[in-house]
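What follows is a set of notes on a single structure, which appears directly below.
The values are calculated or read from the model by the stated rules, or taken from the named source; none is laboratory data. Predicted model only: the values in this text are computed from it and were never measured. Every residue, glycine among them, receives a Cβ derived from its backbone with ideal geometry; neighbour counts consider all protein chains shown. The protein model used for the area step is the full one, side chains on, heavy atoms only, and it has no ligands, DNA or RNA in it. Shrake-Rupley method; radii C 1.70, N 1.55, O 1.52, S 1.80 Å.
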Amino acid sequence: MPPKIPESHPRYRSLVTREKLVQACEEGLVAWEGLLAHGRGETFDYLLGERSVPEALHAEKAASAHLLMAEKAAISVNGNVAVLAAERIRRLLEATGAVVEVNLFHRTEERVRRIADLLTSTGIRNVLGTHPDAAIPGLEHDRALCSKEGIFGADVVLIPLEDGDRAEALARMGKVVISVDLNPLSRTSREATIAIVDEVSRALDNMVEFAEELKGRPEAIRGAMVGYEKGRNLAGVLKRIWENLETSQQ
Ligand code: PTJ
């Protein structure tokens, strides 16, 4: 058993999240590399003040609008996302009508099955990814594997905590690619159509709220879609980081 973290610790939530991921690694749900990815994410979250900045909310609203307007939307889930936000994924699926697919960078059949089981345990039906029948063109290796019914056939894909290479390959397929990545400089953020720079749990909570607010309101949906401009949005995020660093020196 890991040592119990006292609730009085000022970084209690962050420490509990770390413990959760370490334990999930030991149980074979999260890849060990997922811990490195989490550490990188935490750094950027510090720099952003550990909150959903206005640019993130703007991108999240646009993303929810795209998910609602999609002919077929798919949400890609990896080890980190399943452990941090399985329940939120379920709520977003219900709010948008998207499908979910387990899609791993460090793919093993065992881990795909465990993650699918975790998603199913939240009440999600039809978790895709356990029987891939297609491959993302231009990617070597098992990380290209996906399902026709899910990511391969979707016109809009949500890819939280994605590798840049795969984000680029999905964009090349002509899909609307929505990333969630705390690093505004990552290749994933650069390659996505909509780049959400926010912590994944907060981002999904906000997206559920926006989807519920926008549902059945085509004018508002269109407004959210056209009101987003990625370059301007990412520049705003970087400016905010810069300003936070400057004020922390005072
Ligand atoms: O489960 P697998 O095998 O599919 O592997 C998943 C990881 C995340 C290990 C894999 O996709 C990977 O190596 O990703 P990268 O290339 O390290 O990118 C992950 C990105 O997510 C980094 O840019 C981090 O800043 C960001 N990130 C990490 N934790 C969070 C995050 N963004 C939002 N919320 C987080 N909690």
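So ASN183 fits all but one of (1) within 16 Å of the ligand (Cβ to nearest atom); (2) open to solvent by 30 Å² or more (accessible area, probe 1.4 Å); what number is the exception?
The failed condition is (2).
Mind checking which helices (runs of 4 or more DSSP H) fall wholly inside the range 153-247 and carry at least 2 residues that are out of contact with any Leu (no Cβ under 9 Å at 6 or more places or on another chain)? Reasoning before the result, please.
Values: elements: 164-172, 187-191, 200-214, 218-226.
By residue number, 164-172, 200-214, 218-226.
Which residues, counting only those in the range 192-250, are of a type in the set (Asp, Glu) and in contact with a Lys or Arg (Cβ under 8 Å, 6 or more places away or on another chain)?
If we filter the range 192-250 for residues that are of a type in the set (Asp, Glu), which is where we start, we get 198-199, 205, 209, 212-213, 219, 229, 243, 246.
Selection gives ASP205 alone.
Matching residues to (1) within 22 Å of ALA144 (Cβ to Cβ); (2) touching a residue at least 40 places away in the same chain (Cβ under 8 Å):
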{"residue": "VAL30", "(1), (2)": "yes, yes"}
{"residue": "VAL53", "(1), (2)": "no, yes"}
{"residue": "SER64", "(1), (2)": "no, yes"}
{"residue": "LEU68", "(1), (2)": "no, yes"}
{"residue": "GLU94", "(1), (2)": "no, no"}
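For the range 188-201, give me each residue that is surrounded by fewer than 21 Cβ atoms within 10 Å (Cβ to Cβ) and more than 8 Å from the ligand (Cβ to nearest atom).
Those that are surrounded by fewer than 21 Cβ atoms within 10 Å (Cβ to Cβ) and more than 8 Å from the ligand (Cβ to nearest atom): ARG190, THR193.
Does GLU149 meet the test of being more than 21 Å from ALA56 (Cα to Cα) and either of a type outside the set (A, V, I, L, M, F, W, C) or modelled with pLDDT under 95 (or both)? Talk me through it step by step, then tell me what you get.
Numbers: more than 21 Å from ALA56 (Cα to Cα): yes; either of a type outside the set (A, V, I, L, M, F, W, C) or modelled with pLDDT under 95 (or both): yes.
So GLU149 fits the description; yes.
If I filter the range 83-93 down to residues being more than 8 Å from the ligand (Cβ to nearest atom) and in contact with a Leu (Cβ under 8 Å, 6 or more places away or on another chain), which single residue comes out as most open to solvent (accessible area, probe 1.4 Å)?
Kept after step one, since they are more than 8 Å from the ligand (Cβ to nearest atom), are these residues of the range 83-93: 83, 85-93.
Filter once more, keeping what is in contact with a Leu (Cβ under 8 Å, 6 or more places away or on another chain): 83, 85-86, 88-92.
On the way: VAL83: 21, ALA85: 2, ALA86: 10, ARG88: 67, ILE89: 0, ARG90: 48, ARG91: 84, LEU92: 0 Å².
Restricting to residues being more than 8 Å from the ligand (Cβ to nearest atom) and in contact with a Leu (Cβ under 8 Å, 6 or more places away or on another chain), the top hit is ARG91.
Inspect the range 138-152 for any residue being assigned to a strand (DSSP E or B) and within 30 Å of TRP242 (Cβ to Cβ) and give the result as yes or no.
First, pick out the residues of the range 138-152 that are assigned to a strand (DSSP E or B): 145-146.
Filter once more, so that each one left must be within 30 Å of TRP242 (Cβ to Cβ): none.
Taking every residue of the range 138-152 in turn, none turns out to be assigned to a strand (DSSP E or B) and within 30 Å of TRP242 (Cβ to Cβ).
Give me the residue from the range 94-111 that is buried (at least 23 other Cβ atoms within 10 Å of the Cβ) and within 12 Å of the ligand (Cβ to nearest atom) and, out of that set, nearest to GLU212 (Cα to Cα). Quick ask: steps written out before the conclusion?
Narrowing the range 94-111 to residues buried (at least 23 other Cβ atoms within 10 Å of the Cβ): 96, 98, 100-103.
Narrowing the set further to residues that are within 12 Å of the ligand (Cβ to nearest atom) leaves 101-103.
Working: GLU101: 22, VAL102: 24, ASN103: 26 Å.
Only one residue fits best here, namely GLU101.
Could you list, in sequence order, all residues of the range 148-176 that are away from the ligand (no atom under 16 Å from the Cβ), open to solvent by 10 Å² or more (accessible area, probe 1.4 Å) and not aromatic (Phe, Trp, Tyr)?
Of the range 148-176, the ones away from the ligand (no atom under 16 Å from the Cβ) are 148-149, 152-156, 172-176.
Cutting the leftovers down to open to solvent by 10 Å² or more (accessible area, probe 1.4 Å) gives us 148-149, 152-153, 155, 172-176.
Hits for the range 148-176 are LYS148, GLU149, GLY153, ASP155, ARG172, MET173, GLY174, LYS175, VAL176.
Yes or no: HIS9 over 23 Å from GLU243 (Cβ atoms), open to solvent by 30 Å² or more (accessible area, probe 1.4 Å), more than 10 Å from the ligand (Cβ to nearest atom) and touching a strand residue (DSSP E or B) at 6+ places or on another chain (Cβ under 8 Å)? Walk me through it before giving the result.
Details: over 23 Å from GLU243 (Cβ atoms): yes; open to solvent by 30 Å² or more (accessible area, probe 1.4 Å): yes; more than 10 Å from the ligand (Cβ to nearest atom): yes; touching a strand residue (DSSP E or B) at 6+ places or on another chain (Cβ under 8 Å): no.
Here the answer is no, as HIS9 does not meet what is asked.
Could you say which residue among ASP142, ASP133 is modelled with pLDDT under 95 and among the charged types (D, E, K, R)? It would help to see each step written out before you state the result.
Details: ASP133 fails: modelled with pLDDT under 95.
Checking each option against the conditions leaves just ASP142.
Scan the range 19-78 for residues that are over 18 Å from ALA235 (Cα atoms), near the ligand (Cβ under 8 Å from one of its atoms) and open to solvent by less than 20 Å² (accessible area, probe 1.4 Å) and jot them down.
Within the range 19-78, VAL30, ALA31, GLY34, GLY41 meet the criteria.
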